[in-house]
Amino acid sequence: HDGYPNGDSVKLAGFALDAVAISGPALTIAVSGVAESFVLAGTGIGLGDTARWVDSGDEAGCTSGNETAGYGGTQSVPVDGNVTFLFDVTTADSPTGYAVLCYTFVGEVPRLYPRVRVQVFEIVASGQHFELLAGHIDSVTLVGYGVTHGDVAFWAAAGPTSADCSLSEALAIYGGPVSVVGVKISFNVLAPVENLVLCYKFRNEPIRRYTTVTAVAYGLSGPLTRTYAVAGQTETVVFVGIGVKDGDQAKWVHSGASCDGAPAGHAGLNENGGVTGAYQTVNASSGTPFDFTTGGQDLEICYHFKRPSRGSFTQWARYPLLPATAAQI
């Protein structure tokens, strides 16, 4: 056959071609343990289609029909293309850090769509406990996948068990909501508190509660009355507060003097060759003995909380509202 005259085309009745494809969404953020809805875009999406996620580049895994563990299984696609997946793992181990869509149109073989991607993030839910110092800025680095600049985190009171947190739980006394800077988070918990749990928001995702990522904010609340001592005599002081333990350190300084300087006339051990002055090692149960060698008015306590998770001692905490007077005749 020499073709049709004048290059005309001929429509053949009974023959038709439907071109089907998935074009989006390009990239979605999901959080492990949180149901995530994907509104698929494309042509030919319809009832009876199925969708699942595989590691980037896993063409064989897509065509074989084997599900990737933890990626939410195979889901039936409704007519509006809105499919929900519940991921149990992150995409940290995927070669590119994200998973790609494997889609099966009715009557067709599964096909990989590498431009339709998802990243699944998570805060590691065990083994993260932070010892904070009330009234001081503490920077922490969370262990997880996807923690990045601009995310939001805050501490909430332990007790509620719902998976999602509310911003109403981000109380100023617990440091309020703060933004992640780089990969670090700087909290300033204003008062001593024992049981805090983490609430964390990846990008535009819901605020997730991590009940096993916990914190305690150390701080003194006593001696409950002014301490009176007499120079030359031992005065035993019982410290009260959250985090007080054997092996902590304490010293009295003059009002306005640095906690890093020498103590206000009491005898004690000599730390670091006298660089930070003498101190007493705290006995949490029976009290800490101080031997004042000179008198002084309005002395203020400087206290070192032992914080093993942060490398033992970090910084002195000053408590001007817990004063002492050492009399001298």
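One compactness figure for region 27-70 is 1.33, namely its Cα radius of gyration divided by 2.2 N^0.38 Å. Secondary-structure-derived ellipticity at 222 nm for the chain, considering helices only, amounts to -500 deg cm²/dmol, per-run term -39500 (n - 2.57) for DSSP H runs with n ≥ 4.
Within the shell of other residues whose beta carbon sits under 14 angstrom from the beta carbon of Tyr145, the net charge comes to -3, with Lys and Arg scored +1 and Asp and Glu -1. Here r is the Cβ-Cβ distance between Thr74 and Thr211 and R0 is 51 Å; the resulting FRET efficiency, rounded to 0.05, is 0.95.
For Ala262 and Ala26 in one chain, what is 0.36 nm times their gap in residues minus the Cα-Cα distance, to one decimal in nm?
Working: separation 236, 0.36 × 236 = 84.96 nm, distance 6.19 nm.
Stretched out fully, the Ala262 to Ala26 stretch lengthens by 78.8 nm.
The modelled label-to-label distance for the pair Arg115/Ala278, using points 7 Å beyond Cα in the direction of Cβ, is 7.7 nm. Along its first, second and third principal axes, ordered by size, the chain spans 126, 37, 33 Å in Cα coordinates.
State to the nearest 20 debye the size of the charge dipole of region 132-207 about its Cα centre, where the only charges are +1 on K and R beta carbons and -1 on D and E beta carbons.
On the way: 3 positive and 6 negative charges, 35 e Å.
The dipole of region 132-207 has a size of about 160 debye.
Heavy-atom accessible surface of the chain, averaged per residue, reaches 49 Å², computed with a 1.4 Å probe. Between Thr148 and Val240, the C-beta separation translates, for a Förster distance of 30 Å, into a calculated FRET efficiency of about 0.15.
Counting every Cα pair in region 74-175, what percent are over 17 Å apart? Show your work: numbers first, answer last.
Numbers: 3601 of 5151 pairs.
Result for the distance tail: 70 percent.
Summarise the long-distance tail of P(r) for region 98-235 by giving the % of C-alpha pairs beyond 22 Å. For region 98-235, the share of Cα pairs beyond 22 Å comes to 50 percent. Counting only protein heavy atoms and a probe of 1.4 Å, the accessible surface of the chain is 54% carbon and sulfur.
The modelled label-to-label distance for the pair Ser56/Val178, using points 7 Å beyond Cα in the direction of Cβ, is 3.2 nm. Dividing the mean sequence gap of close Cα pairs (under 8 Å, 6+ apart) by how many residues region 220-329 holds gives a relative contact order of 34 percent.
The values are calculated or read from the model by the stated rules, or taken from the named source; none is laboratory data. Everything quoted here is computed from the prediction, not taken from an experiment. Note that each Cβ is placed from the backbone with ideal geometry, even for glycine, and that neighbours are counted across all protein chains shown. The accessibility values were calculated without ligands, DNA or RNA, using every heavy atom of the protein model including side chains. Shrake-Rupley method; radii C 1.70, N 1.55, O 1.52, S 1.80 Å.
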